[in-house]
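What follows is a single structure, written as structure tokens, with notes after it.
The values are calculated or read from the model by the stated rules, or taken from the named source; none is laboratory data. In this text, all values refer to a predicted model and were calculated from it rather than measured experimentally. Virtual Cβ from ideal backbone geometry, glycine too; neighbours counted across all protein chains shown. Please note that ligands, DNA and RNA were not included when accessible areas were found on the heavy atoms of the full protein model with its side chains. Shrake-Rupley method; radii C 1.70, N 1.55, O 1.52, S 1.80 Å.
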Amino acid sequence: MQKERVESANDEDLENENNAEDDAEDDAQDDAEDDAEDDAEDDAEDDEDDDDEEQQPLDIAQKLAEQLLQFHGCSLDDHIQKNNAHEESVRRHVSLDSINEKLLALPHVLSQPQKELYAEFVSAEAVEWRAAFLGSYPDLMDNPEDEEDRKAHVCLHASEYGEAELRPAASFDIDSIMGFASSLAVAKQGIKMNLTPHIVYNLSADIHLKIQIQINHKLRSIPLHEIPHYQFGRVVGQEDVTLYLFFPRLYDPDRGKTNYLKQTTIERWTDHVLLPAIYEESASTRSQHYPASYIHSKLNALAKYTESRRRNESTTRQQAITHFLPPHSLVNVWRWILRFIRRSGLHDFQDVRLFFTAKNLKVLTQRTLLVDV
């Protein structure tokens, strides 16, 4: 009986041990599964965060503002790292000033007679000259060491100045401008107009602007430089700004990319639209200085060439004669233009567009503050 009790106790202990092991395995498995689920959830959250960051649109305005408001360049750590690498690879450092001194000491062999050159020749200088021409160190010219050690390395950091002298500064400017104006009054100080425009002043390159024109009952976007136009004049006080007049209704796709106006068209525009509009707003004391017609202005532009041919002189065939339009009359002159082009026979001048453009304004508009540009 006692033996059976002992065996029964042993069986119970063994069963308890097995149950404990099973429970431990189950707990470990549950913990592993929980950890795996947590890791999966964390990974999913990280992926969602990455996706959110990737899906966030780039704020171009903010990036542009950051570029404008502060100087951007290599960080100080980048400079230190590059300098350390350079110091390890190069034994001797040559500044730009020392190179210039060596080059300036060389004789001008092309500007001196041979005898004078030999008279100035000193054997001690031969080594210096040879080193300057070969880009090496004079004291290592005949040294049988590695060829890389004999080369003179011009190092920018050896030519650096004080930090205060090299401190970068930011400035703001406008490189170019262009746009459409609703009236001639855009010129606040007046306009110098040219009544005999030359086709060489027309736009010849694509400026990435288009105008919609109705062709065969369909709207088509036509590049601006392909539309017939001419250079009307320049803005007084801002002579870099050029004014053009574009005539969309004169566009003919069968003419190809020709953008100049025919002489008969310019004559009709000048005599029936432009000059009458100017005369409406000009007193007699001023209108007497304007040409009476397009032909009149054309003859004035060719007068000097005609006279020079008689004297066998060389001169430009056509002069660019300009006439001043005062600012106080520009608003009404443009109104008269828009009224006259509604007359019979002048409908092809309707939808006339006034375009202005100016280039190379960086130095003229450069300011230290953005609000002052």
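For the stretch 342-359, the count of residues that are assigned to a loop (DSSP other than H, G, I, E, B) and within 25 Å of residue 284 (Cβ to Cβ) is nonzero.
Residue-wise test of (1) exposed (fewer than 14 other Cβ atoms within 10 Å of the Cβ); (2) farther than 20 Å from residue 224 by Cα.
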site: 241; (1), (2): no, no
site: 266; (1), (2): no, no
site: 272; (1), (2): no, yes
site: 280; (1), (2): no, yes
site: 289; (1), (2): yes, yes
site: 296; (1), (2): no, yes
site: 300; (1), (2): no, yes
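Screening the candidates 313, 307 for the property of being of a type in the set (D, E, K, R), at pLDDT below 80 and either surrounded by 14 or more Cβ atoms within 10 Å (Cβ to Cβ) or in a helix (DSSP H, G or I) (or both) yields one hit, 307. Just so you know, in the stretch 180-207 the residues that are open to solvent by less than 90 Å² (accessible area, probe 1.4 Å) and in a helix (DSSP H, G or I) include one that is nearest to residue 263 (Cα to Cα), and it is 184. For the stretch 329-341, residues that are under 14 Å from residue 271 (Cα atoms) and part of a helix (DSSP H, G or I) total 3.
The residue pairs whose first member lies in the stretch 210-239 and is farther than 25 Å from residue 197 by Cα, whose second member is open to solvent by less than 70 Å² (accessible area, probe 1.4 Å) and among the small types (Gly, Ala, Ser), and whose beta carbons are closer than 7 Å, counting only pairs six or more residues apart or on different chains, are 212/221. Could we say that residue 218 is closer than 30 Å to residue 289 by Cα and of a type in the set (Lys, Arg) here? Answer is no for this residue. The residues on offer are 242, 196, and the sole one that is touching a residue at least 12 places away in the same chain (Cβ under 8 Å) and out of contact with any strand residue (DSSP E or B) (no Cβ under 7 Å at 6 or more places or on another chain) is 196.
The set of residues in the stretch 253-264 that are open to solvent by 60 Å² or more (accessible area, probe 1.4 Å) and either at pLDDT below 90 or touching a helix residue (DSSP H, G or I) at 6+ places or on another chain (Cβ under 6 Å) (or both) comprises 254, 255, 257, 260.
Of all residues in the stretch 73-92, those satisfying the criterion of being touching a residue at least 12 places away in the same chain (Cβ under 8 Å) and either at positive phi or under 37 Å from the mean Cα position of the chain (by Cα) (or both) are 73, 83, 86.
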